[in-house]
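Any read-out appearing in this document is the output of simple, stated calculations on the displayed coordinates, not a laboratory observation. Just so it is clear, the model here is predicted, and its values are computed rather than measured. No Cβ is skipped: glycine too gets one built from the backbone with ideal geometry, and neighbour counts run over all protein chains shown.
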Amino acid sequence: MSHSSLHYLEASEIACLIRTRELSSVEVVTAMLERIAQLDGTLNSYALVTADDALAEAREADRKLAAGEPTGPLHGVPVGIKDLFWVAGHPTTAGTTIHRNFVPTEDASVVTRLREAGAVILGKLRMTEGAFAIHHPDLPSPQNPWNANHWAGASSSGSGVATAAGLCYASLGSDTGGSIRFPSAANGLTGIKPTWGRVSRHGAFELGASLDHVGPMARSATDAALLLGVIAGYDPRDPTTLPELRIELPDQATDLRGLRIGIDMRWNSEGTDEVIVRALEQVVRIVKDLGGEIREVKMPPVRTVVDEWLIDCGVQVALAHEATFPRLSSEYGPALTHLIGIGRETDAFTYERALRNRAALRGQVNHMMSDIDLLIAPVQPFAAPTHAQLDALAQDPELNARLIQYTAPFNSTGHPSMALPCGSTGNRLPIGFQLIARHGAEAVLCRAGMAFQHATDWHRAHPLP
């Protein structure tokens, strides 16, 4: 098989070709490294390419396969790692300059699990500063491969760009207010924000610990489920992980029969651009065609919790950066500085009020979800905005609240969500939507995503040759 035809295959397809020895891992990794060298000088998705290590890992993967040794579900498959997660022996900067010399001596738990499944690590992917809204002003920003004038998503921007552009087969992301779902929507990908605690956060820099979710980003629901099955599970090094050791995910699905899918079109259309509303209407028609039962629901009021997300996250990020801020404040960019300032200035009464409002919303969403299996919502109320439209994002509470109005509520409640592509704008920018499930119901999410993509092909659209 020609190297030129490999880069947009799915991770599960590449794994099969390597397992059956139609391709070697060295061939696949070499093709990926060549494509990164060709394209990433413009796209800026990688903070660090670990070419020598990747080739050594690929050779070892091929040796194990030839020797008949046990292999995992990602054996020999090259993936990218958001620069939030420790990779032993390589810098992990979290999109900052203050951590540019931090070199961990161990892998993050999720990286360990990827390695145990046989994955080959291609390198570290760029991200916004500290996993908040904006890239550090002294560091390159990943460019949306569909249109460089538009947002690539935040904070897992490099993960979104590299996966969409065929520079890795899948990637790790994190989501505190939408940071897996935003870049998935902006780049035409499928991403999963699992239930809070489903995936270990050991070896990942914090933004807001009780809001941070670790999950996969991929080019299909099948691949996203494959990665989630690898990285999920209890981890004694992260006491907040759920006690279940592993989760059972479907291999494939072709219909939605027996599933009750809720939608609140009033909530979904509040300040939402018409192109997004039309895309959601088409999603509903497809869900019905697949046998899903559409139920009208009423989403609990979320505006208070959305408005208080900056307070909630701000206090937690101020604590996470206690050792370096304000001591190294001159090395911080404006967006993260502003968020830390909010946290440091918030009084205990205001923070406790935000926590109570958050707990109330969690209970209200649980009650609503008791009558449905899934909820349909936009990822954001508009397609990927221009860079000019985002310049004031971190400084403008109203703009920030509008951006996160459909994502942040489910960080606050901890419910799992999957972002999926569902169309494009007139200028060919991808549009995404999300499915939200009950706590612990990632298997339902993955079944629905697979069925939706069995009937549609938006996830097969690619930005570059």
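To the nearest µm²/s, what D does Stokes-Einstein give for the range 221-263 at 4 °C and 1.567 mPa s, using the Kirkwood radius over alpha carbon pairs as Rh? Mind dumping the intermediate values first?
Working: Rh = 12.6 Å.
Value of D from the Cα-based Kirkwood radius: 103 µm²/s.
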Q: Could you order peptides 316-323, 139-146 by the average number of other Cβ atoms within 10 Å of their residues, highest first?
A: 139-146, 316-323
Q) When a footprinting reagent is the concern and you count Cβ atoms within 10 Å, what order do T42, T93 take, fewest first? A) T42, T93
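Where does each of 203-209, 289-295 land if you order them by average Cβ count within 10 Å, highest first? Working shown, then result.
Numbers: 203-209: 22.6, 289-295: 15.9.
Most protected by this proxy first, the peptides run 203-209, 289-295.
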Q: With no solvent and one equal point scatterer per Cα, compute the Debye intensity ratio I(q)/I(0) for the range 211-291 at 0.27 Å⁻¹ and report its log10, rounded to two decimals.
A: -1.19
Q) What number, rounded to the nearest 500 deg cm²/dmol, is the helix-based mean residue ellipticity at 222 nm of the chain, given -39500 (n - 2.57) per DSSP H run of at least four residues and division by all its residues? A) -12000 deg cm²/dmol
Q. Under 5 Å between amide H atoms, partner at least 5 residues away or on a different chain: which partners does R198 have, H built in plane at 1.01 Å?
A. L242
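By the scheme Lys and Arg +1, Asp and Glu -1, what is the net charge of all other residues having a beta-carbon under 10 Å from that of T222? Don't skip to the answer; put the middle values down first.
Numbers: positive: R219; negative: E10, E13, D223, D251.
Neighbourhood net charge equals -3.
Ranking request for peptides 82-88, 148-154: highest mean number of other beta-carbon atoms within 10 Å first, then the rest in descending order. Provide the component values of the computation, followed by the final result.
Working: 82-88: 26.0, 148-154: 23.7.
Final packing ranking: 82-88, 148-154.
First obtain the Kirkwood hydrodynamic radius of the range 373-462 from its Cα pairs, then insert it into the Stokes-Einstein equation at 4 °C and 1.567 mPa s, and state the resulting D in µm² per second as a whole number. Please report the intermediate quantities before stating the final value.
On the way: Rh = 14.5 Å.
Value of D from the Cα-based Kirkwood radius: 90 µm²/s.
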Q: With θ set to phi - 60°, apply the Karplus curve 6.51 cos²θ - 1.76 cosθ + 1.60 along the range 305-313 and write out the HN-Hα couplings as whole Hz, x wherever there is a Gly or Pro.
A: 5, 4, 4, 8, 4, 4, 5, 4, 5
Q.
Taking every pair of distinct Cα atoms and averaging 1/r, then inverting, what Kirkwood hydrodynamic radius in Å comes out for the chain?
A. 21.8
Q: Would you list, by chain and number, the aspartates and glutamates whose Cα falls below 18 Å from the Cα of K298, excluding same-chain residues fewer than 8 positions away?
A: D264, E270, E281, D371, D373
(Q) Check which residues have an amide H placed less than 5 Å from G262's amide H, if you skip close sequence neighbours. (A) R295, D373, L374, L375, I376
Q: Using amide H atoms built 1.01 Å from N in the peptide plane, name the residues 5+ places from A47, or on other chains, whose amide H lies under 5 Å from its own.
A: K124, L125, R126
Q | Around R63: net Lys/Arg minus Asp/Glu count, Cβ-Cβ under 11 Å | A | -2
Q) Going toward the positive end of the dipole of the chain, with +1 on Lys and Arg Cβ and -1 on Asp and Glu Cβ, which of M450, L420, M127 do you reach last? A) M450
Q. What trypsin sites (Lys or Arg not before Pro) does the range 391-458 have in DSSP loop regions with at most 13 other beta carbons within 10 Å?
A. R428
Q.
Given Cβ point charges of +1 (Lys, Arg) and -1 (Asp, Glu) and nothing else, what value in debye, to the nearest 20, does the dipole of the range 1-132 about its Cα centre take?
A. 120
Q) Once the dipole of the chain is set up with Lys and Arg at +1 and Asp and Glu at -1 on Cβ about the Cα centre, which of V284, L328, T350 lies farthest towards its positive end? A) V284
Q: Report, in debye and to the nearest 20, how large the dipole of the chain comes out about its Cα centre when Lys and Arg carry +1 and Asp and Glu carry -1 on their Cβ.
A: 540
Q | For the chain, with +1 on Lys and Arg beta carbons and -1 on Asp and Glu, the positive-most of V297, T272, A31 along the dipole | A | V297
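With the cut-off at 1.5 for a/c, could you classify the range 56-156 from its C-alpha gyration tensor as rounded, prolate or oblate?
Working: a/c = 3.04, a/b = 1.81, b/c = 1.68.
Prolate is the answer for the range 56-156, as a/c is 1.5 or above and a/b outweighs b/c.
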Q) Once phi is turned into ³J(HN,Hα) by the Karplus curve 6.51 cos²θ - 1.76 cosθ + 1.60 with θ = phi - 60°, what whole-Hz value does each residue of the range 227-237 show in order, with x for glycine and proline? A) 5, 4, x, 6, 8, 7, x, 4, 9, x, 7
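From the Cα gyration tensor of the range 188-335, with a ≥ b ≥ c the square roots of its eigenvalues, which class applies: rounded if a/c is under 1.5, or else prolate if a/b is larger than b/c, or else oblate?
Oblate is the answer for the range 188-335, as a/c is 1.5 or above yet b/c matches or exceeds a/b.
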(Q) Less than 9 Å Cβ to Cβ from S25, Lys/Arg counted +1 and Asp/Glu -1: what total charge do the surrounding residues give? (A) -3
Q: Read phi for every residue in the range 397-414 and hand back ³J(HN,Hα) as whole Hz from Karplus 6.51 cos²θ - 1.76 cosθ + 1.60, θ = phi - 60°, with x for Gly and Pro.
A: x, 5, 5, 4, 5, 5, 4, 9, 5, 9, 9, 4, x, 8, 6, 5, 8, x
Q | Neighbour-count ranking [beta-carbon atoms within 10 angstrom, fewest first] of S200, S370 | A | S370, S200
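Would you mind working out the magnitude of the charge dipole of the range 72-136 relative to its Cα centre, with +1 at each Lys and Arg C-beta and -1 at each Asp and Glu C-beta, to the nearest 20 Debye? Write down the numbers at each step before the final one.
On the way: 6 positive and 5 negative charges, 25 e Å.
For this selection, approximately 120 debye.
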